[in-house]
Structures are given as C-alpha cells and as structure tokens.
1. Among what's in the range 94-129 and is in contact (Cβ under 8 Å) with a residue 24 or more places away in the chain and basic (Lys, Arg), pick the residue that is farthest from residue 141 (Cα to Cα).
2. Only one of 62, 67 is within 30 Å of residue 156 (Cβ to Cβ), assigned to a loop (DSSP other than H, G, I, E, B), open to solvent by less than 60 Å² (accessible area, probe 1.4 Å) and of a type outside the set (D, E, K, R). Can you tell me which?
3. Is one or more of the residues making up the range 50-58 modelled with pLDDT under 95 and either assigned to a strand (DSSP E or B) or open to solvent by 50 Å² or more (accessible area, probe 1.4 Å) (or both)?
4. Quick check on residue 57: is it more than 23 Å from residue 187 (Cβ to Cβ) and touching a Gly at 6+ places or on another chain (Cβ under 9 Å)?
5. Does residue 75 satisfy the criteria of being among the hydrophobic types (A, V, I, L, M, F, W, C), under 19 Å from residue 188 (Cβ atoms), part of a helix (DSSP H, G or I) and modelled with pLDDT under 95?
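The values are calculated or read from the model by the stated rules, or taken from the named source; none is laboratory data. For clarity, every value in this text was computed on a predicted model and none was experimentally measured. Don't worry about glycine lacking a Cβ; one is built from the backbone with ideal geometry, like all the others, and counts go over all protein chains shown. Accessible surface is based on the protein model in full, side chains and every heavy atom, while ligands, DNA and RNA are left aside. Shrake-Rupley method; radii C 1.70, N 1.55, O 1.52, S 1.80 Å.
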Amino acid sequence: AFAPILRRLTKSRIITHLHTDTINPEETLAKEWLENMDEVWPISEYIKKRVLSVKNDIGTEVVMNGVNLSHFDSVFAIERGKIGFSTNDFVLVYFGRIIPEKGVEEVIQSMLKLMSCEHIKLLVIGSSFYDDTDRVDPFVEKIRSMSHPLKDRILFTGYVPYSQIPAYLKTCDVAILPSLCEEAFGLSMLEAMACGIPVISTNAGGI
C-alpha cells in the first residue's frame, strides 16, 4: 500500500518482496498497488500466480525464504525425559501459531483416533501470537480441552523462543504442518527439514 505514495515521491524503481497473499483478485486495491510498482519478488510460485492474476504483465521473480542451517546444526536435542517422553516413544511435533487455519485442531482429532497407540506422543510448540504474552485465547482453550483424554501424551509448551526451537525439533520423529489456509510459503517446513526430520503437510499454497 506504500507503493502509490512512494511513486509520487521518487522516480526510483519500486520492487516489492512479497511474503504474504495480500495482492490478489479479492483485494480491491491490488491493481492500484501493482500499477505503482516496477516488479514484485514473491516468496513462492503460489504467490506469483496470485499477483499475475491481478496484473499479468508485471515483472516477477520468485525469491524464496531460507533458513540459516548453522543455527540448526549447532544445537543438541532436548532430552526426552525432561519433557515427559521416553526414548521408545514416537514423537510427532506441531510448531507454529495456535490458530484454526494452521490445522492444529485436526492434529488433535487425529491423535484422538490413535488412542490405542500409546507410544505415539505429540508435542505442540507455539502460542496464538508471535510472543510470550499471556493472553486468554478461546481456540487454545478449546484444543487443550479436546486433548484432555490424552493429557499424558500431548504436551503444550506454549511460546518457545526461536533460538530454542531446534533443540525441541531434534527430539522429535516427524513434524506435522497441516495448514488449512493457502500458505504463502510455510517456513516451518524448512526448519523441520534443517533438523533432519520428515514433514507431513497439506498441499496448500506455497507448501
């Protein structure tokens, strides 16, 4: 939305590195924004297609997100005993925001269907927002309540600082990232793979 303002102030080229699905046919101002840009560098082919569906002649170049592999290589896994799991457990992990569109509720529903598989555990890392603010969230309360029958097999960590995420991931066997929304990219997938663990995900957006 700054592009039209910048265009009035400068003759320089204006390039947008686009991380979200904000320029699309559903946005009434999208065409005006694009008419005031020279190029858009989206982070995935999905976002590129969304941009071109508004203005098919604008220059685009996909510039994907990345992660610093050294951040993940230099960290040791948390001992499972410290978080209530054992070496014989098969540990699934969801990490990200605890919001409906990320598919967290569906993960809990899947765990409830595995009641008889006592060795399968679930680690849920994250909060409803990007910080450790203690906020009352009805959705978080809902999934915690759903998890009660499996209270010994599902661990909610709450917010975890980014620097500590690799240590948690490395103690798990499989990451589950079942987004219901059309993800712009899905950086969590790269972070899981950087820790050497496989990913179960949905075919959504940039994923």
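1. Within the range 94-129, the match that is farthest from residue 141 (Cα to Cα) is 121.
2. Exactly one of 62, 67 is within 30 Å of residue 156 (Cβ to Cβ), assigned to a loop (DSSP other than H, G, I, E, B), open to solvent by less than 60 Å² (accessible area, probe 1.4 Å) and of a type outside the set (D, E, K, R), namely 67.
3. Residues of the range 50-58 modelled with pLDDT under 95: none.
The answer is no; no qualifying residue exists.
4. Numbers: more than 23 Å from residue 187 (Cβ to Cβ): yes; touching a Gly at 6+ places or on another chain (Cβ under 9 Å): no.
Here the answer is no, as residue 57 does not meet what is asked.
5. Working: among the hydrophobic types (A, V, I, L, M, F, W, C): yes; under 19 Å from residue 188 (Cβ atoms): yes; part of a helix (DSSP H, G or I): no; modelled with pLDDT under 95: yes.
So residue 75 fails the test.
Residue by residue, here is whether (1) closer than 12 Å to residue 1 by Cα; (2) outside any helix (DSSP H, G or I) holds:
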| position | (1), (2) |
| --- | --- |
| 16 | yes, yes |
| 26 | no, yes |
| 37 | yes, yes |
| 48 | no, no |
